[in-house]
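A.B. asks: Okay, handing you the structure first.
Rule-based calculations on the coordinates, nothing more; no lab input. All values reported here derive from a predicted model rather than from experimental measurement. Backbone-built Cβ (ideal geometry, glycine too); neighbour counts: all protein chains shown.
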């Protein structure tokens, strides 16, 4: 199985990249965030970042640091060219991607650009924050709490294989940039 784990800051373009790989390269896309949102729904909890963080930490403590990657891999259908797992947020998940022979891609963008993108998509209460709240939540996710099961995006970034800076103005510009950054990976994976 060919495998790419996508990580990065909120609003940087992780899902946009994953959808492009799915729609244009024949890869299957599984979002860790969607797995967590579905579980919050089953538990009748609000779909908010603090609950997403708490649930992901709970699952890692109960079932291991790579549990969200493993849950995603279980959804893989071998009719696809490979599997993209988006929203890798713990270094144990990056390690699991590597153990399975995959690569981790880090996507980032200027914070103000990312905030504007998120406010533009209006996906419910998780995307109705002030810029200050947005940055405070990001800070909490970037620096781990010291608990190995918590979010630690800086540690994931340190484990990334490919870096894409998405300060582009259009999706088309981003896809061109990402396609170039992933060209070697896509060619080597075939």
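A.B. asks: Any chance you could get the radius of gyration and Dmax over the Cα atoms of segment 91-187, in Å?
C.D. replies: 15.2, 41
A.B. asks: Using label points projected 7 Å from each Cα along Cα→Cβ, tell me how many nm separate residue 173 and residue 128, to one decimal.
C.D. replies: 3.1 nm
A.B. asks: How many nm separate the modelled label positions at residue 162 and residue 139, each set 7 Å beyond the Cα in the direction of the Cβ?
C.D. replies: Label-label distance for residue 162 and residue 139, simple model: 3.3 nm.
A.B. asks: How many nm separate the modelled label positions at residue 110 and residue 98, each set 7 Å beyond the Cα in the direction of the Cβ?
C.D. replies: 3.3 nm
A.B. asks: On full extension of the chain, what length is gained from residue 1 through residue 54, given 0.36 nm per residue of separation minus the C-alpha to C-alpha distance?
C.D. replies: Net length gain for the segment: 16.1 nm.
A.B. asks: Here's a follow-up. Hey, fewest Cβ within 10 Å first, where do 54, 180 land in order?
C.D. replies: Listed from fewest to most nearby Cβ atoms, that is 180, 54.
A.B. asks: Between segment 124-168 and segment 71-109, what is the C-alpha centre distance in whole Å?
C.D. replies: Their Cα centres are 17 Å away from one another.
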